[in-house]
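Student: One structure follows; several queries about it will come next.
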There are 2 protein chains.
Amino acid sequence: MLSQTEENYLKALFHLTSETANKSETGTNELAAALNVKPATANDMLKKLKEKKLINYEKYGKVSLTAAGRRQAIEVVRKHRLWETFLYEKLQFSWDEVHEVAEQLEHIYSPKLIEQLEKFLGYPEFDPHGDVIPNAKGELKLQARKTLSQVMVGKSCKLVAVKDNSASFLQYVVKVGLGLSSKIKLISRQEFDGTTEIEVNGKKSMVSQKFADNIFVV
Amino acid sequence: MLSQTEENYLKALFHLTSETANKSETGTNELAAALNVKPATANDMLKKLKEKKLINYEKYGKVSLTAAGRRQAIEVVRKHRLWETFLYEKLQFSWDEVHEVAEQLEHIYSPKLIEQLEKFLGYPEFDPHGDVIPNAKGELKLQARKTLSQVMVGKSCKLVAVKDNSASFLQYVVKVGLGLSSKIKLISRQEFDGTTEIEVNGKKSMVSQKFADNIFVV
DNA sequence: TAGTTTTGTTAGACTACCCTAACTTTATAT
DNA sequence: ATATAAAGTTAGGGTAGTCTAACAAAACTA
Ligand SMILES: [Mn+2]
Ligand SMILES: [Mn+2]
Ligand SMILES: [Mn+2]
Ligand SMILES: [Mn+2]
């Protein structure tokens, strides 16, 4: 069985090399940054994960998950998202509170627990942030979606998910009047820095490029 | 914040020095045995816990929890029993399956989670094994109860809790036809080894002294 | 193409938790 | 009261995961 730490590294690799990130491999420094450790530390773990055949990696080369590594990573993501859904749906947590606790709960080992939890929640498809919950087989349908920053001025779209899961970002999203399924109209965008004016429920707001990069819409 | 390991040591100390155990202090070897580690390992931790003022301990002396240590231990017990109740009541776990998973869940840190979980469960008083769930203040009402081995021949009693929480014991209990609230009649007891004949729902069974020591009744 | 910057690796050290083997202290039993 | 047994401690060592500092390779840039 994998340690919590190993699971966290695999999950980080999954997020850094997924469709969402638009690339299929990453590097030591990026991985280290994602996990808030130093590159030397990440390097040690890369050797270990390679030894366990969970990643593809050669000294000074790029890093990617093997099929086995991806399978393990997806299991962690599945547990994370099911727990977030539980906290949100059953325990009245707000969507900016669920992530932190799910970071702990995702490491609980018990196949029966996850199976029963999923059943208890009614086999949910999405977590509170709009992300797809992988099924028990590790299958994960990818969503056709783009970021708010990719939407053209004048067009309208619907918020389907958020990229960043931090409480500070999510609270900001709420403050702007947004939530899952919000309808957003693009009023204007500055060429210079990508600052965008949007309209939500008749209310206009200015949001940064960075903000728009973290909002997924269809 | 305490590590999982420290929490496990405090919880073990709590169980070894509680009313149920009929003593208020314990020793290095007993503690080590309870945690499946060697005495040398337990000794290291005793020094550490003393340093943190969570236990009363002097070299070669007996060990007991300080008020602060007891408070922490009870919090772990509270979480353990609430999670067991959740698994049993909401996720269709059987009473012999809950303990193992609760051993992991009891270490999740989130005051809001426990508060909401308790509310979600309807502020339960007892866990699936009949043990009292401490309240949020760390208060824990002690139960007037004795073991089946203390009941006199000819008397009847009601099963209110089990001492051992292992799957093997609990499955055995079920096999004998027992569960929480079962009415038990004491038919006979051998002087020699304490083997006892009991009657449950008209069905007679022979149980060992050890078995009877692990059944709490009123 | 030759710096220079970025990225990645290695060596050595630290903490937490665990072990074995040897030792010391305390308790028990003649 | 002494010998033996039981309980407890210490010394030294291992692994996992982290760090800093020094170094090596690759990528970029002028
Ligand atoms: Mn999350
Ligand atoms: Mn999420
Ligand atoms: Mn239990
Ligand atoms: Mn219990």
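A short reminder: the numbers here are calculations on the coordinates, not readings from a lab. Just so it is clear, the structure is predicted and the values come from calculations on it, not from any experiment. Please note: Cβ atoms are built from the backbone with ideal geometry, for glycine as well, and neighbour counts cover all protein chains shown.
Student: Which GluC sites (Glu not before Pro) from the range B:117-218 combine a DSSP loop assignment with at most 14 other Cβ atoms within 10 Å?
Tutor: Answer in residue order: B:Glu125, B:Glu139, B:Glu191.
Student: Can you find, among A:Ala34, A:Cys157, A:Gln4, the residue sitting farthest towards the positive end of the charge dipole of chain A, where Lys and Arg contribute +1 and Asp and Glu -1 at Cβ?
Tutor: The residue sitting most towards the positive pole is A:Cys157.
Student: Taking Cα pairs under 8 Å and at least six residues apart, what relative contact order does the range A:146-217 come out at, in percent?
Tutor: RCO, the range A:146-217: 42 percent.
Student: Return the single residue from A:Val151, A:Val101, A:Val37 with maximal mean-square fluctuation; model: Gaussian network over chain A, springs between Cα atoms under 10 Å.
Tutor: A:Val37
Student: Sorting A:Leu142, B:Leu65 on the 10 Å Cβ count, fewest up front, what's the list?
Tutor: A:Leu142, B:Leu65
Student: At 7 Å along the Cα-to-beta-carbon direction for both B:Met152 and B:Ala68, put a label point, then send me their distance in nm to one decimal.
Tutor: With each label point 7 Å from Cα toward Cβ, the separation is 4.9 nm.
Student: Measuring from a point 7 Å out along Cα→Cβ, what nm distances, shortest first, does B:Phe192 have to its partners in the other copies?
Tutor: Relative to the other copies, B:Phe192 has label-point distances of 9.8 nm.
Student: Let me ask something additional. Before anything else, pin down the relative contact order of chain B: Cα pairs under 8 Å, at least 6 apart, normalised by residue count, whole percent.
Tutor: Averaging sequence separation for qualifying contacts and normalising by length gives 15 percent for chain B.
Student: If R₀ is 56 angstrom, what is the calculated FRET efficiency for the pair A:Asn56 and A:Ser188, using the beta carbon separation as r and rounding to 0.05?
Tutor: Numbers: r = 44 Å, r/R0 = 0.79.
E between A:Asn56 and A:Ser188, to the nearest 0.05, is 0.80.
Student: Relative to the Cα centre, what is the charge dipole magnitude of chain B, using +1 at the beta carbon of each Lys and Arg, -1 at the beta carbon of each Asp and Glu, and rounding to the nearest 20 debye?
Tutor: 480 debye
Student: List the distances, in nm to one decimal, from the label point of A:Pro111 to the label points of the same position in every other copy, shortest first, placing each label point 7 Å from Cα along the Cα-to-Cβ direction.
Tutor: Shortest to longest, the spacings are 3.9 nm.
Student: Provide an ascending nm list, one decimal, of label-point separations from A:Ala40 to the equivalent residue in each further copy; define each label point as 7 Å from Cα along Cα→Cβ.
Tutor: 2.9
Student: In the range B:146-217, with Lys and Arg counted as +1 and Asp and Glu as -1 at Cβ, which of these residues, B:Leu178, B:Ser208, B:Ser168, has the Cα nearest the positive end of the dipole, that is, farthest along it?
Tutor: Comparing the listed Cα positions along the dipole, B:Leu178 ranks first.
Student: Using alpha carbons only, how many angstrom separate the centre of the range B:133-169 from the centre of the range B:170-218?
Tutor: Their Cα centres are 14 Å away from one another.
Student: What does the charge dipole of the protein assembly as shown about its Cα centre add up to, to the nearest 20 debye, if the Cβ of each Lys and Arg holds +1 and the Cβ of each Asp and Glu holds -1?
Tutor: 120 debye
Student: How long are the semi-axes of the ellipsoid equivalent to the range B:60-119, from square roots of 5 times the Cα gyration tensor eigenvalues, in whole Å, largest first?
Tutor: 26, 15, 8
Student: Let me ask something additional. Give me the percent of Cα-Cα pairs in the range A:3-50 that sit more than 16 Å apart, rounded to a whole number.
Tutor: 30 percent
Student: Next question, about the same structure. Run down the lysines and flag those whose C-alpha is under 26 Å from the C-alpha of B:Lys155, throwing out any fewer than 8 positions away in its chain.
Tutor: Partners found: B:Lys146, B:Lys163, B:Lys175, B:Lys183, B:Lys185, B:Lys203, B:Lys204, B:Lys210.
Student: Next question, about the same structure. Under a Cβ-only charge scheme (Lys and Arg +1, Asp and Glu -1), can you give me the dipole magnitude of the range B:146-217 about the Cα centre, in debye to the nearest 20?
Tutor: On the way: 11 positive and 6 negative charges, 57 e Å.
Using Cβ point charges on Lys, Arg, Asp and Glu, the range B:146-217 gives about 280 debye.
Student: Could you run the Debye sum over the Cα atoms of the protein assembly as shown, one equal point scatterer each and no solvent, and tell me log10 of I(q)/I(0) at q = 0.07, 0.08, 0.13 Å⁻¹, two decimals?
Tutor: -0.49, -0.61, -1.21
Student: Can you list the residues, at least 5 places off or on another chain, whose amide H is less than 5 Å from the amide H of B:Glu106, using H built in the peptide plane?
Tutor: none
Student: May I ask for the distance between the Cα centers of the range A:1-46 and the range B:4-74, given as a whole number of Å?
Tutor: Centre-to-centre distance over Cα atoms comes out at 38 Å.
Student: Moving on to the next point. Using 0.36 nm per residue, how much length does the chain from B:Glu103 to B:Gln116 gain when fully extended, once their Cα-Cα distance is taken away?
Tutor: So the extension gain works out to 2.7 nm.
Student: May I ask for the equivalent-ellipsoid semi-axes of chain B, computed as the square root of five times each C-alpha gyration tensor eigenvalue and listed largest first in whole Å? Don't skip to the end; give the middle numbers.
Tutor: Numbers: eigenvalues 201, 102, 41 Å².
Equivalent ellipsoid semi-axes, largest first: 32, 23, 14 Å.
Student: Going through the range A:11-58, which trypsin sites (Lys or Arg not before Pro) have at most 16 other Cβ atoms within 10 Å and a DSSP loop state?
Tutor: Values: sites: A:Lys11, A:Lys23, A:Lys47, A:Lys48, A:Lys50, A:Lys52, A:Lys53; in loops: A:Lys23, A:Lys52, A:Lys53.
Answer in residue order: A:Lys23, A:Lys52, A:Lys53.
Student: Whole number please: convex hull volume per residue, Cα atoms of the range A:110-169, in Å³.
Tutor: On the way: hull volume 7.1 nm³, N = 60.
Looking at the range A:110-169, the number lands at 119 Å³ per residue.
Student: Computed FRET efficiency, Cβ-Cβ of B:Ser181 and B:Lys141, R0 25 Å: what is it to the nearest 0.05?
Tutor: Calculated transfer efficiency: 0.85.
Student: Would you list which lysines come within 28 Å of B:Lys50, measuring only between C-alpha atoms, while excluding same-chain residues fewer than 8 positions from it?
Tutor: B:Lys11, B:Lys23, B:Lys38, B:Lys59, B:Lys62, B:Lys79, B:Lys137, B:Lys141
Student: Report the GluC sites (Glu not before Pro) located in the range B:30-99 that are in a DSSP loop and have at most 14 other Cβ atoms inside 10 Å of their Cβ, or state none.
Tutor: B:Glu58
Student: Right, next: Work out how far the C-alpha atoms of the range B:146-217 reach from end to end along every principal axis, then list the three figures in whole Å, largest first.
Tutor: 29, 24, 20
Student: Report the relative contact order of the range A:56-146, percent, no decimals, based on alpha-carbon pairs under 8 angstrom and at least 6 residues apart.
Tutor: Reported relative contact order: 31 percent.
Student: Arrange the following residues from fewest to most other Cβ atoms within 10 Å of their Cβ: B:Asp44, B:Asp127.
Tutor: So the ranking, lowest neighbour count to highest, is B:Asp44, B:Asp127.
Student: Which residue, B:Phe93, B:Phe14, B:Phe192, has the most motion in a Gaussian network model of chain B that connects Cα atoms within less than 10 Å?
Tutor: Among B:Phe93, B:Phe14, B:Phe192, the largest GNM mean-square fluctuation belongs to B:Phe192.
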